[in-house]
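The values are calculated or read from the model by the stated rules, or taken from the named source; none is laboratory data. Quantities reported herein were computed from a predicted structural model and do not represent experimental measurements. Note: ideal-geometry Cβ built from the backbone for every residue, glycine included; neighbour counts use all protein chains shown. Just the protein is used for accessible areas: all its heavy atoms, side chains included, with ligands, DNA and RNA removed. Shrake-Rupley method; radii C 1.70, N 1.55, O 1.52, S 1.80 Å.
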Amino acid sequence: MQFIQGIPRNQLQIVSLEDKISNDNPVRFIEAFVRYIDLEKLGFRLKVLKSEGRPCFRTEVFLKLYLYGYLNGVRSLRRLEKESQRNIEVQWLLECVCPNYHSIADFRKENPKALKQLFKLFVLFLKDADLVSGETLAIDGTKSRAHNGKKSNYNQKKIDKHKAYIEEKTQEYLEALEENDARENPVKIAQIQQKIERLQQNKIKYEVLEEQLKESGEPQVSTTDPDSRALLVQGQVVEVSYNIQAAVDSKHNLVVATHTINRNDKNALSSIALEAKENLGLETFTVLVDKGYHNGRELESCKNNNITTIVAVPDQGKSNENGTQPEYLVSKFTYDKESNSYTCPQNKILATSGSWHKKSGRTEESGYMYQKYRTPACKTCPAKDQCTSRKGGREVDRSQYADAVEENHQRYKDNAKLYRKRQEINEHIFGTIKRKWGYNYTDLIGLEKVNGEHSLIMLVYNIKRSIKILGVRDLIAKLQKWNSPYKRKGLFLLKVTYLKLNIGIVFSKTLYAA
């Protein structure tokens, strides 16, 4: 016999699904994890049995299916339905239950907050399992394309452009209407009138959008997914998307906090850092962050919450022939805290009157207070042309957050070796999720639902990585020893029943063998 022979398809086999699933298969951890937790206590909407009609599916069926699907790169609802019918691992996990794709879709839409809580619960397990240290975290964000095209996103400039085009085309059609009216061409006249009516309908549409934009107070509005925004992705590339924030622990590169926002990173540092602090129950820790997060107000907030920041310093403004030269940039001015004054490179003192001025931002939160520092010595200074082009002399502004900013700058200089680890800790996570798994977009609409899906993705990432670190058996062993407030009350009874069944099976096999 030269070839390995298969088993005939019509041969009857006495085998169970349990025999086909190895002890180190990840589905065994999914089963153990879902059975461990009290879904109702965690906030999941439980299915209620009705007096009439077909029985419903258990809530844990959908959670197991989603965890398995996202763990194996299957997001499509119809594919998840198909997997439950043909995949042996899913059949073992769901005990041969095959939910339809409508029911599968409803679970994800109805439980976004619970999925977020489930992610936090698993982070707590990772901490108790000693898989995260909570000493040094790296924070970063990445964009996920929203279910909203660029053509369905508008700002005031885009609306004005469309309205101007409508006015221009309407005038052209009116002139063509007069010309064809004189020639008595009824077919052409009817076509032009239809085009004018279509333009007027479009004009009403843009006027409504303009009104929505003014009422919202936002710089842009999206029509398909109202919560999505046009965000800068890279360089000058803009996509209508969401911004996934993640805080990653340095011990095993596991995600300890995540949420999704619809703005850029500039004002996002303190919220994700505080979430990590809450999830891990820490008093203090250090965060490594890139320069896109550099913001005085955010640094001050972290400082007040006992979080040590090491945020990269943004590039300073460029010098030019007619403006400030490199030797006279504001970083070259020395601040003295006792006298509340600056000393310039020419050893002149810049003092303040003590008055506070308000710098307005796009929103009330983005504004801040600052003081101005001047010196009359600028008028006779020989280096004035190199320092400033202002006739009144050089002015230095110091914001209310300057102390926190300067402390962060000093830590950034002193910890260059530690900061270089930032990319090693968190960059590969987004690469794995977006490039390898293909999770670079979302089909859900609304910030809350998108938050739920992205929490599920980060949860699955943590599960996959922790299995890689410990293995399925050791991870299940730690889960069984874990004492959580969300532990299912009937879990001990389930274990005893399962043990009795296994003993009965082994005993019957022994008798049969004898």
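Yes/no per residue for (1) open to solvent by 30 Å² or more (accessible area, probe 1.4 Å); (2) of a type in the set (D, E, K, R); (3) in contact with a helix residue (DSSP H, G or I) (Cβ under 8 Å, 6 or more places away or on another chain); (4) modelled with pLDDT under 95:
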{"residue": "S399", "(1), (2), (3), (4)": "yes, no, yes, yes"}
{"residue": "H409", "(1), (2), (3), (4)": "yes, no, no, yes"}
{"residue": "N415", "(1), (2), (3), (4)": "yes, no, no, yes"}
{"residue": "I429", "(1), (2), (3), (4)": "no, no, yes, yes"}
{"residue": "R435", "(1), (2), (3), (4)": "yes, yes, no, yes"}
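Taking segment 127-140 as the range and being surrounded by fewer than 24 Cβ atoms within 10 Å (Cβ to Cβ) and in contact (Cβ under 8 Å) with a residue 24 or more places away in the chain as the test, the residues that pass are K127, D128, A129, L131, S133, G134, E135, T136, D140. Residues in segment 1-31 that are of a type in the set (D, E, K, R) and out of contact with any helix residue (DSSP H, G or I) (no Cβ under 8 Å at 6 or more places or on another chain): R9, D19.
Taken as a whole, the condition of being of a type in the set (A, V, I, L, M), outside any loop (DSSP other than H, G, I, E, B), surrounded by fewer than 21 Cβ atoms within 10 Å (Cβ to Cβ) and over 19 Å from the mean Cα position of the chain (by Cα) applies to L213. Restricting segment 48-89 to residues that are part of a helix (DSSP H, G or I) and open to solvent by 70 Å² or more (accessible area, probe 1.4 Å) leaves a set whose member that is nearest to D106 (Cα to Cα) is R78.
Entry remark, segment 368-377: residues being in a strand (DSSP E or B) and either on the phi > 0 side of the Ramachandran plot or of a type outside the set (A, V, I, L, M, F, W, C) (or both) number 6 in total. Report, by residue number, each residue of segment 92-118 that is in a helix (DSSP H, G or I) and either in contact with a Pro (Cβ under 6 Å, 6 or more places away or on another chain) or open to solvent by 40 Å² or more (accessible area, probe 1.4 Å) (or both). The answer is Y101, H102, D106, K109, E110, K113, Q117.
Residue count for segment 460-484 satisfying the condition of being farther than 14 Å from A129 by Cα, open to solvent by 20 Å² or more (accessible area, probe 1.4 Å) and in contact with a helix residue (DSSP H, G or I) (Cβ under 8 Å, 6 or more places away or on another chain): 1.
Considering only segment 225-244, I want to know if a residue exists there that is within 21 Å of K421 (Cα to Cα) and open to solvent by less than 30 Å² (accessible area, probe 1.4 Å). Yes, because at least one residue in segment 225-244 is within 21 Å of K421 (Cα to Cα) and open to solvent by less than 30 Å² (accessible area, probe 1.4 Å). Residue-level check: of (1) touching a residue at least 24 places away in the same chain (Cβ under 8 Å); (2) part of a loop (DSSP other than H, G, I, E, B); (3) under 29 Å from the mean Cα position of the chain (by Cα), N23 misses just (3). Filtering segment 445-459 to residues that are within 17 Å of L67 (Cα to Cα) and open to solvent by 10 Å² or more (accessible area, probe 1.4 Å) leaves K449, N451.
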